[in-house]
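Below is one structure, written out as structure tokens; comments come after it.
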Amino acid sequence: MRTTADLRKKNSFKRHWQKHVMMLPCLGLLLLFQYVPMVGLVMAFQNYVPSNGYFGSEWVGLYWFKYMFNMGNFGSVVWNTLFISILKITTALFSSVVLALMLNEMASKRLKTLIQSAILFTYFISWIVLSDIVKDIVAQDGAVNQIIRSLGGEGISFLTDDKWFIVLLIVTNIWKEIGYNAVIISAALSAIDPALYEAADLDGANRFQKIRFITVPAIGTTVAMLLILALGGVLSGGFDQIHNLYNSTVLSSSDIIDTYVFRMGINRGMYSLGTAVGFFKSVVGAVLLVSSHKAAEKYAGYRVF
């Protein structure tokens, strides 16, 4: 016997069948490009030889995972990934919140829209293009070093000095990502009930008090969502950015898991080792994503999804 819930689901499907049909191409692309390639994870447990294929290569079990953890430089690669990722996540998110709050306080809507469009523009430009721009700006004879020299300082080797290269990664990441997160946070700000600000005015609250007690708590869920989504990719580190900017002189401080996988798996032909490292990264990322969601729900009361 069908329950009331079953009948509701059936009736809902009948009413919205067009939407379900429209989802089919998206589901097809998702399966084709996200799930079908997961068959290749079997390489992590094989001594993979391209000519033998997935099912003809020798099965070696956990050999490549043991090999990975016994490598002398793997620990430094993981540390670099975590260090760079955490710096990127915290600085980019904090900068986005500050920028969104500043834009929210602007009286001119036209100027606000213009600024949002300008800062969002870099988000849609690939790192292949941006990396060339950045290299020209921070080169020894670039604009940044010319300004430093004009102020009496010495030129800085941003692309060859380990410490300055990390600073360059953080600053350029903020430059590229700040607009996207700021727009999302601005959308959350626009949903705040104006009556709350009117009540605060009646109570004699100043602008900073309204930001502290109304604006900031109202965007807490959105910030938590952005943080949770970012933590899921904490072991990614930003391959596109680093691969297009780094070089052998800063390899010790900027070599992350993704660039390591690229060198081992593609450049050196160690496909099984590259797959094992990538598989390890995906598992840890999934655990961090679920854990951060549970922590946000338990300690902050934010249930994002």
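Each reported figure results from applying straightforward, stated rules to the coordinates on display, with no laboratory input. Because the structure is predicted, anything quoted here is derived from the model rather than measured. Cβ coordinates were reconstructed from backbone atoms using ideal geometry, including for glycine residues, and neighbour counts include every protein chain displayed.
Summary table below
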quantity	calculated
Rounded, prolate or oblate (a/c below 1.5 giving rounded, otherwise prolate when a/b exceeds b/c) for segment 107-156 by Cα gyration tensor	oblate
Nonlocal amide H pairs with residue 46, under 5 Å, H built at 1.01 Å	60
Relative contact order, percent, the chain [alpha-carbon distance under 8 Å, six or more residues apart]	25
Order of 123, 48 under a 10 Å beta carbon neighbour criterion, fewest first	123, 48
Computed [θ] at 222 nm, helices only, for the chain once each DSSP H run of length n ≥ 4 contributes -39500 (n - 2.57)	-20500 deg cm²/dmol
Of 106, 23, 270, the one that fluctuates the most in a GNM where the chain has Cα springs shorter than 10 Å	23
Under 11 Å, Cβ to Cβ, from residue 199 - net charge with Lys/Arg +1 and Asp/Glu -1	-3
Options (i) 5, 18, 24, 25, 17, 8, 2, 0, 0; (ii) 6, 28, 37, 23, 5, 0; (iii) 5, 23, 29, 24, 14, 4, 1, 0, 0 - which one matches P(r) over Cα pairs in 10 Å bins from 0, in percent as calculated here	(i)
Total formal charge among the other residues, if their Cβ is under 13 angstrom from that of residue 213, Lys/Arg +1 and Asp/Glu -1	+1
Karplus (6.51, -1.76, 1.60) ³J(HN,Hα), θ = phi - 60°, over segment 37-53, in Hz, Gly and Pro reported as x	x, 5, 4, x, 4, 4, 4, 5, 10, 10, 8, 5, 10, x, 5, 8, x
Sequence of 245, 24 once ranked by neighbouring C-beta atoms within 10 Å, starting from the fewest	24, 245
